1. Only one of ILE45, ILE38 is at pLDDT 90 or above, under 22 Å from ILE105 (Cβ atoms), surrounded by 13 or more Cβ atoms within 10 Å (Cβ to Cβ) and among the aliphatic types (A, V, I, L, M); which?
2. Do you know which of the residues in region 11-27 that are more than 16 Å from the chain's Cα centre (by Cα) and either of a type in the set (S, T, N, Q) or within 15 Å of ILE98 (Cβ to Cβ) (or both) is surrounded by the most Cβ atoms within 10 Å (Cβ to Cβ)?
3. Inspect all residues belonging to region 2-10 and state whether any of them is surrounded by 14 or more Cβ atoms within 10 Å (Cβ to Cβ) and among the polar types (S, T, N, Q).
4. Can you tell which of THR48, THR16 is hydroxyl-bearing (Ser, Thr, Tyr), assigned to a strand (DSSP E or B) and in contact (Cβ under 8 Å) with a residue 40 or more places away in the chain?
5. If only one of LYS146, LYS85, LYS80, LYS63 is touching a Phe, Trp or Tyr at 6+ places or on another chain (Cβ under 9 Å) and farther than 23 Å from GLU12 by Cβ, which one is it?
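The values are calculated or read from the model by the stated rules, or taken from the named source; none is laboratory data. Remember, predicted model here, so these are calculated numbers, not experimental data. When we count neighbours, we look across all protein chains shown, and the Cβ atoms used for this are built from the backbone with ideal geometry, even at glycine.
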Amino acid sequence: MNINKIEIFDLETHETKDIKNSSINGNLTPIWRDWDKIIPDPKMIYITNVIKGGRKGPHVHKKRTSCFVCIKGKVVFIIKDENGKYLEIESSEKKPTIVQVPKNISSAHVNLSNEESSVLTLADIAWKPNDNEMENVLFDDYDWTKWIN
């Protein structure tokens, strides 16, 4: 799905089986494959952890396009599109959705789990400690209270 340059991809999940008795022992979810065309040749892959009830952002990356997917717990990605409209996209370990946020689009994510959540990020530009590529922003007109338990 493409919403004003923000890409959203539901990821496929495949059951895995025990080699001795073929019983289901878990699953496998491909996040990135070179032929998927989600993000070409990522330059950095990292994990961000968010405490229970925690929020990361909002901020904007001025040079970097990032793809986010929750791999543990459950989060909501809040993205302010080019028209000033807020998009809310949930991603969780049970329903993995990858959200591609282009450079110059601001976003945040909120942990909706009762424990720490983890978000895997694939970025087209590697982060450097002194590059000043990210800028904090405010979503003053956004209702954050709806995510408070």
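1. ILE45
2. Restricting to residues being more than 16 Å from the chain's Cα centre (by Cα) and either of a type in the set (S, T, N, Q) or within 15 Å of ILE98 (Cβ to Cβ) (or both), the top hit is THR13.
3. No: region 2-10 contains no residue that is surrounded by 14 or more Cβ atoms within 10 Å (Cβ to Cβ) and among the polar types (S, T, N, Q).
4. On the way: THR16 fails: in contact (Cβ under 8 Å) with a residue 40 or more places away in the chain.
The match here is THR48.
5. Within the list LYS146, LYS85, LYS80, LYS63, the selection yields LYS80.
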